[in-house]
Amino acid sequence: MSNPQAGDRKGYRSRKDRYFAAFKSSSDSMLFIDPAGTILDANPGFFQRFRKLPVVAIGANVFDLLSTDPQGALIAEQCRVAVNEAVQTRRRVIIEDEQDSRILKHSILPVIIAENGVAELLVVTRDITELKRSRCGDESFCTSLLEAIPAATLVVDAHLRLVGWNRFSMDTINARSDGEMFGINPLDRVHPDYLGELRNKFFNVLEQDVEEAAEFRMFHKDGPPYKWATVRAKRVMIDDKPCVVAVVTETTELKQAQEERAQLQVKLQQSQKMDMLGRFAGGLAHDLNNALAAILGNTELILNQLDENHPFHESLEIIERSGHRSADMVRRLLAFAKMQAMRRIVIDLDEELSVLRPMLVPLISKNIRLQWHLENSHSRIRIDPFQLVQIITNLCLNSIDSIVDAGTISIETATTSVIPADCHAGHPGQVHGEYVRLSVSDSGCGIEETVMPHIFEPFFSTKGFGKASGLGLSMVYGIVRQNLGFIECRSEDGAGTVFNLYFPKQDA
């Protein structure tokens, strides 16, 4: 009958033989020491490293063997501290040192633990020079790649503290030294409107290991103005701790371009709508004009044949006056539709406005002050002088109606240049060149935001039914466009209104 204990001892001896074979055949330096550093056993790798015979090495003190020169004394002290730490904690301790241009890694592991403490420790020394060099090369490559990225690359820990960054972030955004960068909260630069959303996204990345992206506003260096930026963030484990790697790219110019494109799209749609209304108004005005010509012609013939005391004479005069008022409305429609016959000549705008000044005085009440700011710089434009009278009269009447009690109306001229960049930036002058600007502004009640898109449309009025035809600003718009000019209106409800008209400047 077999003996179980004999089988156990046999299995134990086989395992021990395998461990001993591994100990002896390892190319790493391996030795057993007691807590005082006395060498109890060593493998050939140790003897080869120290060039010692077993009979000399066994029983010697490893710290004494290391302390053969000043550098070795420092290494011996590091090893002594590491051994004491392994004895006290009963856990593996790893240290690294450099000897003769070689980098060595020492692993100190308690292997035999007695009742009164650690009795033996296994010390394994491995040459990791080549491994370190290859890693260093990889790190150098990654560092160079990171520094070349033209965007802020940040590493933030679970407490939203900065623990890593590239040169672009340090120089362009933070304007801080390496010593000042560590530990700061990069979210302190974010606009308050976006801070909550961005903080939540960072915690999502940390806790759920998802990729997040966001658009927000932040300031660079020491403060506002805020600039637009985008961020993409992912989680990374550094020293077994979750962190967020975030790449931040400034998008201010792109955002401005998008806004300008949206503004241009709105202007294009408005221009197309006004052009469509102009064609409709032009066709309607021609039909009305033909009908009015027949009405007025026949009315005049009958009036010439009737005595003033005839009972129908007064009714025919009412018909004639109404026909003339309707004809005036038709002319305004034709002006809006840019189909009105005109006599365009080159005039000096400042001189022409000086001539018109006395004509405006009777229109303005005593509670309104009329101011003139004429540049007097030979501001020549090509226009029908009668059309200029229509522009000034309608704009001034519009301003008078907007002033409730007392106020001011200002008429101003200036020459200005429109460059191609201005055309893309939303300037009302949609073609670059030299222009003469005519501005009529008031301190009246202003125009509501909802009303602003419709002010140049025919028959649109906020004065109520029967109080205005709604053709005054439509006619001004048509005249300006007919003379290759541009018009804009700026106003806020309760803060006054200014109309800016741009006419191409003429050299002679």
Can you tell me which residues in segment 366-391 are farther than 24 Å from G407 by Cβ and aromatic (F, W, Y)?
F386
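Quick check on P192: is it closer than 17 Å to K255 by Cα and not aliphatic (A, V, I, L, M)? It would help to see each step written out before you state the result.
Numbers: closer than 17 Å to K255 by Cα: no; not aliphatic (A, V, I, L, M): yes.
For P192, the condition - closer than 17 Å to K255 by Cα and not aliphatic (A, V, I, L, M) - is not met.
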From the option list L206, L160, L154, single residue qualifying as in contact with a strand residue (DSSP E or B) (Cβ under 9 Å, 6 or more places away or on another chain), aliphatic (A, V, I, L, M) and at pLDDT 85 or above is L206
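Quick one: how many residues across segment 86-117 are under 23 Å from I128 (Cα atoms) and out of contact with any Gly (no Cβ under 8 Å at 6 or more places or on another chain)? Please lay out each step first, then the result.
Our first condition is that a residue be under 23 Å from I128 (Cα atoms); within segment 86-117, this holds for 86, 91-110.
Subsequent filtering for residues that are out of contact with any Gly (no Cβ under 8 Å at 6 or more places or on another chain) retains 86, 91-98, 100-110.
Result for segment 86-117: 20.
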Find all pairs meeting these conditions: Cβ atoms under 7 angstrom apart; at least six residues apart or on different chains; first residue within segment 82-96 and closer than 11 Å to P35 by Cα; second residue of a type in the set (V, I, T).
A82/V93; A82/I95; A82/I108; V83/I108; E85/V93; A86/V93; A86/I108; V87/V118
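I'm trying to understand the selection: among the residues of segment 211-230, which are assigned to a loop (DSSP other than H, G, I, E, B) and in contact (Cβ under 8 Å) with a residue 12 or more places away in the chain?
Step one: list which residues in segment 211-230 are assigned to a loop (DSSP other than H, G, I, E, B), which gives 211, 219-226.
Once the filter is applied, which keeps residues that are assigned to a loop (DSSP other than H, G, I, E, B) and in contact (Cβ under 8 Å) with a residue 12 or more places away in the chain, segment 211-230 yields E211, F219, H220, K221, D222, Y226.
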Failed condition for D328, given (1) under 22 Å from G478 (Cα atoms); (2) within 49 Å of the chain's Cα centre (by Cα); (3) modelled with pLDDT under 85:
(2)
Can L66 be described as of a type outside the set (S, T, N, Q), modelled with pLDDT under 80 and surrounded by fewer than 18 Cβ atoms within 10 Å (Cβ to Cβ)?
no
Does R199 meet the test of being in a helix (DSSP H, G or I) and in the same structural domain as V156 (by TED's automatic domain parsing)?
yes
Mind telling me which of the residues E449, E488 ends up being outside any loop (DSSP other than H, G, I, E, B) and at pLDDT 80 or above?
E488
Any residue at all in segment 467-474 that's outside any strand (DSSP E or B), surrounded by fewer than 15 Cβ atoms within 10 Å (Cβ to Cβ) and either modelled with pLDDT under 80 or touching a strand residue (DSSP E or B) at 6+ places or on another chain (Cβ under 9 Å) (or both)?
yes
Any residue that is closer than 18 Å to G485 by Cβ, of a type in the set (K, R), surrounded by fewer than 16 Cβ atoms within 10 Å (Cβ to Cβ) and at pLDDT 80 or above - is there at least one of those in segment 373-389?
yes
Selection within segment 417-446 - of a type in the set (G, A, S) and modelled with pLDDT under 85:
A421, A425, G426, G429
Considering segment 203-221 alone, what residues qualify as being charged (D, E, K, R) and surrounded by 13 or more Cβ atoms within 10 Å (Cβ to Cβ)?
E212, E215, R217
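The values are calculated or read from the model by the stated rules, or taken from the named source; none is laboratory data. In this text, all values refer to a predicted model and were calculated from it rather than measured experimentally. Methodologically, a virtual Cβ is constructed for each residue, glycine included, from the backbone with ideal geometry; neighbour enumeration extends over all protein chains shown.
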